[in-house]
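Each value in this text was obtained by applying a stated rule to the coordinates, not by laboratory testing. Remember, predicted model here, so these are calculated numbers, not experimental data. So basically every Cβ, Gly included, is an ideal-geometry build from the backbone, and we count neighbours across all protein chains shown.
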Amino acid sequence: MPIVSEKVRMLFEERKIKVRYDLVLESIDLGRRVATFKTPTGAVETGYDFINVIPPMRAPDAVRNSPLPWQDGPWKSDGWIEVNRDNLRHKRFNNVFAIGDVAGVPKGKTAASVKWQVPVVVDHLVASLAGKESASVYGGYTSCPLITRLGRAMLVEFDYKDNLVPSFPGVIAPLAELWVTWVMKTMALKPTYLSMLRGRA
Ligand SMILES: Cc1cc2nc3c(=O)[nH]c(=O)nc-3n(C[C@H](O)[C@H](O)[C@H](O)COP(=O)(O)OP(=O)(O)OC[C@H]3O[C@@H](n4cnc5c(N)ncnc54)[C@H](O)[C@@H]3O)c2cc1C
């Protein structure tokens, strides 16, 4: 999301946080608290007090080693399922749909996305069973609550077109660091997701 990326870049600059995008983690020496990174000019060692490592993401083996993933294109190597981005129906297996992280669509790897994906898939399944077509479309809704400091967060919601699609227009401005968003992220979201899992939200 270019507009969010720019906002976060400004926050880093304001807080004098140095950012490097050209480092790839190679190894960590836990005893010495040193991380070794691959860089365009060779290996670089960096000491750390705290390190948070995000592993590369890919579909589970059961999916990757099945006929379901994309056979070519950007999602092939990670094994995401080859679905139509609008109706989440498999492009080769008409009776298969994918929702959640495993779906090979350009956006939507959040639990909040699933909330918008499920009704679309249900509409298509019900229509299929009745021998009809459904016009239900998933627009790529994705939600990222970003904690930016203790007591402040931004709720960034966007779709396939990179449009900002705020759920609470006029209350939660998408690019503002707000207390109310922080409360939502730290206190309200977990029960919301749990009630979603129970089919109540
Ligand atoms: C640190 C972090 C913070 C996040 N914060 C948010 C947030 O604030 N808001 C938000 O909306 N989203 C958030 N997300 C994203 C959200 O967690 C995921 O999008 C969501 O969990 C995807 O749900 P899923 O059911 O598709 O996949 P998963 O939750 O990954 O569930 C897949 C399940 O399948 C199981 N499985 C794998 N292989 C097999 C097998 N062979 N047989 C049986 N079971 C198998 C796995 O063990 C797992 O339980 C966050 C993710 C992370 C990592």
Legend entry - Förster radius 30 Å - calculated FRET efficiency between Leu23 and Glu133 (Cβ-Cβ, nearest 0.05): 0.05
Legend entry - Unit charges at the beta carbon, dipole of region 142-197: most positive-side option, Thr186, Ser167, Met154: Thr186
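Stretch Met10-Arg152 to full length: gain in nm at 0.36 nm per residue minus the Cα-Cα span? Present the calculation step by step, with values, prior to reporting the outcome.
Values: separation 142, 0.36 × 142 = 51.12 nm, distance 1.59 nm.
Answer, rounded to one decimal: 49.5 nm.
Loop only by DSSP, 14 or fewer other Cβ within 10 Å of the Cβ. Give me the chymotrypsin sites (Phe, Trp or Tyr not before Pro) in region 3-80 that pass, ordered by residue number. Could the numbers behind the result be given before it?
Details: sites: Phe12, Tyr21, Phe37, Tyr48, Phe50, Trp70, Trp75, Trp80; in loops: Tyr21, Tyr48, Phe50, Trp70, Trp75, Trp80.
Passing both the DSSP loop test and the Cβ count: Tyr21, Tyr48, Phe50.
What order do you get for 61-67, 108-114 when each peptide is scored by the mean count of other beta carbon atoms within 10 Å, highest first?
Details: 61-67: 12.1, 108-114: 18.7.
My ranking of the peptides, most packed first, is 108-114, 61-67.
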Legend entry - Calculated FRET efficiency for the pair Asp61/Thr192, C-beta based, R₀ 30 Å, to 0.05: 0.45
Inset, instruction - Take the Cα radius of gyration of the chain and divide it by 2.2 N^0.38 Å, with N its residue count; two decimals is plenty. - result: 1.22
Legend entry - Gain in span if fully extended, Ser77 to Ala111, counting 0.36 nm per residue against the direct Cα distance: 9.9 nm
Legend entry - Approximate spin-label separation Asn163-Tyr48, in nm, with each point projected 7 Å along Cα-to-Cβ: 3.9
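Let me spell out the model: positive unit charges on the Cβ of Lys and Arg, negative unit charges on the Cβ of Asp and Glu, origin at the Cα centre of the chain. What dipole size does that give, in debye rounded to 20? Spell out each step's value before the answer.
Working: 27 positive and 20 negative charges, 75 e Å.
Approximately 360 debye in magnitude.
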Legend entry - Average Cα contact separation per residue, region 61-129, under 8 Å, 6 or more apart, as relative contact order %: 22
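Just rank Val8, Val122, fewest to most, by other beta-carbon atoms within 10 angstrom.
On the way: Val8 18, Val122 14.
So the ranking, lowest neighbour count to highest, is Val122, Val8.
Quick check on region 1-157: of the DSSP beta bridges with both residues there, what percent are antiparallel, nearest 5%? Mind showing how you got there, number by number?
Working: 20 of 21 bridges.
Within region 1-157, antiparallel bridges account for around 95 percent of the total.
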Inset, instruction - With 23 Å as the limit, write out which pairs from Lys76/Lys109; Lys18/Lys107; Lys16/Lys107; Lys115/Lys161; Lys16/Lys109 have Cα-Cα distances beyond it, or answer none. - result: Lys18/Lys107; Lys16/Lys107; Lys16/Lys109
